[in-house]
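For reference, the structure discussed in these notes is given below.
Each reported figure results from applying straightforward, stated rules to the coordinates on display, with no laboratory input. A quick note: this is a predicted structure, and the numbers were derived from the prediction, not measured. As a convention, Cβ positions derive from the backbone with ideal geometry for all residues, glycine included, and neighbour counts pool all protein chains shown.
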Amino acid sequence: LANLLSQIVRAKLAAVLLGPVGVSVITQLNSFLGFGQVIGGIGHASGVVRETSRAHAAGDQNELQRIHQTFLMALTGSALVVALASQILAAPVSQFLFASSEYANHVRLTAIAIPLAIGARFFQSILKGYRNVTHLAVVNALGNTISIAGFVYLVLNFQLWGAVVAIVVTQLSLFLLSAWTVARSGFRLKLSERGSLQILRRNVGYSIAG
């Protein structure tokens with residue numbers, strides 16, 4: 001509900017501050033971000049929740065570390081690949097989205113938010129796996145508040161470019177808030193831990209199942 005209200009507020013503010021053309025551009029860039037998040041996220045969300053919930057219920061800290069290390073390594077690689085590809089293909093992406101390469105640099109800036117969005121969702125999925133609903137709600141509330149305040153300030157001062165920067169700021173704030181909250185919940189990683197292909201294979205099954 002908080003996310004929905006935040007989206008409505010931002011859409012209304014965008015209509016007032018940017019006009020129809022600006023709203024259209026930001027809508028397309030948000031769609032591009034969402035697409036990049038889906039591709040780079042390799043369907044991890046449900047897998048992280050289920051694997052974390054299972055290991056947490058069993059009290060198996062070693063398994064939790066192995067699960068989180070596996071997903072973090074896979075997501076870091078896939079997110080960076082998608083972000084890099086977006087930088088390289090910004091001109092054709094702009095052509096596809098706007099029938100013009102005029103917004104290629106806007107696409108490049110938005111692409112910076114892709115790894116941040118994937119990381120934020122990863123940590124939020126861990127919170128769901130821990131069934132830490134209260135902290136998750138706090139993260140979303142604070143993130144949405146920062147998002148709206150940042151959007152207004154940046155758009156008032158930098159117009160369309162400000163709105164694009166606000167997309168990145170929103171995902172950065174959600175990433176930092178989510179990571180900090182998970183760290184406070186006892187989340188730890190051992191860099192010496194190796195990932196597990198078996199866990200990733202199970203995650204494919206979760207993703208297909210929805």
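Applied to the range 33-50, the Karplus parametrisation 6.51 cos²θ - 1.76 cosθ + 1.60 on θ = phi - 60° returns per-residue 3J(HN,Hα) values of 4, x, 5, x, 5, 5, 5, x, x, 6, x, 7, 4, 5, x, 4, 4, 5 Hz, with x for Gly and Pro.
Find the centroid of the Cα atoms in the range 109-126 and in the range 31-48, then give the distance between the two in whole Å. Spelled out, the Cα-based centre of one part sits 9 Å from the other. Counted without the sites themselves, the longest stretch of the chain free of trypsin sites (Lys or Arg not before Pro) in a DSSP loop having at most 13 other beta carbon atoms within 10 Å is 1-130.
The gain in end-to-end length when the Ser46 to Ala15 segment is fully stretched comes to 7.7 nm, 0.36 nm per residue minus the alpha carbon separation. Derived scalar couplings between HN and Hα for the range 109-116 equal 5, 4, 4, 4, 6, 4, x, 5 Hz in order, rounded to whole Hz, by the Karplus curve 6.51 cos²θ - 1.76 cosθ + 1.60 (θ = phi - 60°), x for Gly and Pro. Subtracting the Cα-Cα distance of Gln87 and Trp161 from 0.36 nm times their residue separation leaves 24.9 nm of extension gain. Listed values for the range 69-74 are Karplus-derived 3J(HN,Hα) couplings in whole Hz (6.51 cos²θ - 1.76 cosθ + 1.60, θ = phi - 60°), namely 5, 4, 5, 5, 5, 5, and x replaces Gly and Pro.
For Rg/Rh (Cα atoms, Kirkwood Rh), the value calculated from this model appears in (1) 1.31; (2) 0.95; (3) 1.00 under label (3). Multiplying the residue separation of Glu102 and Leu142 by 0.36 nm and removing their Cα-Cα distance gives an extension gain of 11.0 nm.
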